[in-house]
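K.L.:
If you scroll down you'll find the structure; I have some questions about it.
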Amino acid sequence: MKNNPPANFHEVIIIGAGFSGLCAAIRLQKENRNDFIILERAAELGGTWRDNTYPGCGCDVPSRLYSLSAEPNPNWSRAFSKQPEILAYMHACAKNNDLYQKIDFNTEVSALKFDEEKGIWHVKTNTGETLSCRFVLSATGPLNHITIPDFEGLDTFQGDYFHSSQWPENFNIKGRRVAVIGTGASAIQIVPNIVDTVKQLVLFQRTPAWIMPKRDKEIPTFFKTMYRRFPFLEKMVRSLSYYFYEIRGNGFWGNTLINSVAQKIALRYLRKSVSDPELREKLRPNYAIGCKRVLPSDDYYPALQQPHVSLITTSIDKIATDGILTKDGQLYKVDTIVFATGFRASGDLIDYPVSGRNDLKLKEEWGHTGIETLRGIAVSGFPHLLFLLGPNTGLGHNSVLLMIEAQMNYVIDYIRQYEQTGAKYLNVKQTAQALYNQKIQEELRGTIWASGCKSWYLDKHGKNTTLWPGSVTRYRKETKEVQLEEFDQIPS
Ligand code: N01
């Protein structure tokens, strides 16, 4: 700090105590940069893994990969862990690194304002406090704005309804007549996990998903013991999974052979799993595999074939007091509606006002271009506001935790290089940001995600603002070091 630091000053403020926030904190501590705090709006850490508690909630990326490399866990109970175990793992990471004392819970950021004179940020919170910091790490994740379609009549519905990520605690679904709207990653986990409890299940599908066998299984005690005794074995399995998923990723960004093999496997799985030709036809996607998220499941197809389950593909017209009315005039009487209708991941990443240099407003800036940053991390006009899991850093093929770790390499190098320059602050050159995004968008045009389907990867203009168009290995390489020539150095 060049001048005297204001009261309530921290070198770094991390917003959010989900995986990104925890990963950032662990890494900062490892680098001996301990002057940071985490602001968390909820009363508990965990982000999406705290919020999503629906029946069967779990990860569709293997736990061995969906964990922090600084915090290996030889004790994962399954190949693909369930939400309670992932949340427990996150708590263990916080405990092992003494992070609870660094988290201000129930503290929601309400505004960010850059102070050009001092080169610092002022962070306003709902507690009425204003904190200041040199660097803001926005670690709020892309999946926290829920989508509930604006169906006519929803306000008149006499039963219970909720979004999949807001499953009411202790909700008793036993014996209910339940509608699930949506057939994405959340729905295909919910359906098999409530099917044996409910009286009737009506699943509303707008677009079928490509489903692959998951082959989830418990990890035998012998393996866990071996991983505990010989940590290199755990690392080796993690590396093998990593490279398997990296190779598979080629199918998403243009390798037609990998895609046609994947498509054949998925179609054969559909054929073998679903005996009724009419149901099979409804479940057969008519777009390229990978264009929407490919969903692994061992129990979704069997659940759909139970006698009290119906798959409805006619569009929903409106919600009645006692059920759901489809466009063909049919009323499906239900007492519970689960909106497994996803999230607004391609919209604004931040919903509070952010003003940068020259009083630029982030919402307005992104209103012109769509959400854009340099390398998914830094934004021109908003110096030292750094995103974790920012625009175009999501993945269709591998664990996003690897992307967060790569981003933290960049952040640490950014802080180090900034300190060496002696500048008041660094600001991304507009030209560098524009060039970077132009290149990313060109690459995305050649990927499977641009093959014509409608997905949450695309914003309302059809621009892919969520996914990284290449391998994690490449992203790691490109974020290993900050290219200082991409920044203006603003002198003190
Ligand atoms: O949401 P989605 P999700 N009328 O957007 C349908 C992550 N996640 O919560 O395909 C009728 O995938 C919509 O239909 P369509 C993961 O990244 C991860 O399931 O647009 N239907 C679709 O079927 C995932 O991708 C895990 O035609 C409507 C569904 O709702 C992301 O979260 C687990 C509709 C929404 O599917 C989101 O998954 C769970 C309407 N008006 C989730 N509007 C892991 O394992 C929407 N739909 C890591």
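The values are calculated or read from the model by the stated rules, or taken from the named source; none is laboratory data. On a predicted model such as this, the values are computed, not experimentally measured, just so you know. Here the Cβ is made from the backbone with ideal geometry for all residues, glycine too, and neighbour counts use every protein chain on show. Ligands, DNA and RNA are stripped out before the accessible areas are found, and what is left, the full protein with its side chains, is counted by its heavy atoms. Shrake-Rupley method; radii C 1.70, N 1.55, O 1.52, S 1.80 Å.
K.L.:
Taking the alpha-carbon distance from LYS460 and a cut-off under 19 Å, which aspartates and glutamates remain once sequence neighbours fewer than 8 residues away in the same chain are dropped?
P.N.:
ASP150, ASP348, ASP351, GLU364, GLU365, GLU372, GLU442
K.L.:
Please sort by residue number the GluC sites (Glu not before Pro) in the stretch 81-120 whose DSSP state is loop and whose Cβ has at most 10 other Cβ atoms within 10 Å.
P.N.:
Sites meeting the loop and neighbour criteria: GLU117.
K.L.:
When every alpha-carbon pair in the stretch 326-447 is counted, what percent end up more than 23 Å apart? Intermediate results must be reported in sequence, preceding the final value.
P.N.:
Numbers: 3268 of 7381 pairs.
For the stretch 326-447, the share of Cα pairs beyond 23 Å comes to 44 percent.
K.L.:
What is the dipole size for the stretch 16-99, taken about its Cα centre, with +1 at each Lys and Arg Cβ and -1 at each Asp and Glu Cβ, in debye to the nearest 20?
P.N.:
160 debye
K.L.:
Along its principal axes, what span do the Cα atoms of the chain show, with the longest given first and each in whole Å?
P.N.:
Result, largest extent first: 71, 55, 43 Å.
K.L.:
Of the beta bridges DSSP finds with both residues in the chain, what % are antiparallel, to the nearest 5?
P.N.:
45 percent
K.L.:
Treating only the Cβ atoms of Lys and Arg (+1) and Asp and Glu (-1) as charged, compute the dipole magnitude of the stretch 402-492 about its Cα centre; round to the nearest 20 debye.
P.N.:
340 debye
K.L.:
May I ask you to give the solvent-accessible area per residue for the stretch 377-492, in square angstrom, as obtained with a 1.4 angstrom probe?
P.N.:
On a per-residue basis, 38 Å².
K.L.:
So which DSSP H runs in the chain come out at 15 Å plus along the axis (Cα) with average Kyte-Doolittle of at least 1.6?
P.N.:
Both cut-offs are met by no helix.
K.L.:
Same structure again: Among the listed pairs LYS272/LYS333; LYS30/LYS480; LYS292/LYS439, which have their C-alpha atoms separated by more than 20 angstrom in this model?
P.N.:
Going by Cα-Cα distance, LYS272/LYS333; LYS292/LYS439 fall outside the 20 Å limit.
K.L.:
Give, as a single signed number, the net charge of other residues whose beta carbon lies under 10 Å from the beta carbon of GLU405, with Lys and Arg counted +1 and Asp and Glu -1.
P.N.:
Computed value for this residue: +2.
K.L.:
With θ set to phi - 60°, apply the Karplus curve 6.51 cos²θ - 1.76 cosθ + 1.60 along the stretch 318-335 and write out the HN-Hα couplings as whole Hz, x wherever there is a Gly or Pro.
P.N.:
Once rounded to whole Hz, the list reads 7, 9, 9, 5, 10, x, 10, 9, 9, 4, 8, x, 7, 9, 9, 6, 9, 10.
K.L.:
Under a cut-off of 16 Å between alpha-carbon atoms, report the lysines in cross-link reach of LYS124, not counting same-chain residues fewer than 8 places apart.
P.N.:
LYS113, LYS361
K.L.:
Using 20 Å as the cut-off for backbone N distance, which residues of the stretch 115-130 belong to the label zone defined by a point 7 Å from the Cα of ALA7 along Cα→Cβ?
P.N.:
Residues 115, 118, 120-130 qualify, since their backbone N sits under 20 Å from the label point.
K.L.:
Please compute the per residue accessible area over the stretch 60-166 with all protein chains in place, 1.4 Å probe, rounded to a whole number of Å².
P.N.:
Using a 1.4 Å probe on heavy atoms only, each residue of the stretch 60-166 averages 43 Å².
K.L.:
Suppose every K and R has +1 on its Cβ and every D and E has -1 on its Cβ; what is the size of the dipole of the chain about the Cα centre, in Debye to the nearest 20?
P.N.:
On the way: 58 positive and 52 negative charges, 341 e Å.
Once rounded to the nearest 20, the dipole reads 1640 debye.
K.L.:
Please report the carbon-and-sulfur percent of the accessible area for the chain; probe 1.4 Å, protein heavy atoms only, DNA, RNA and ligands left out.
P.N.:
51 percent
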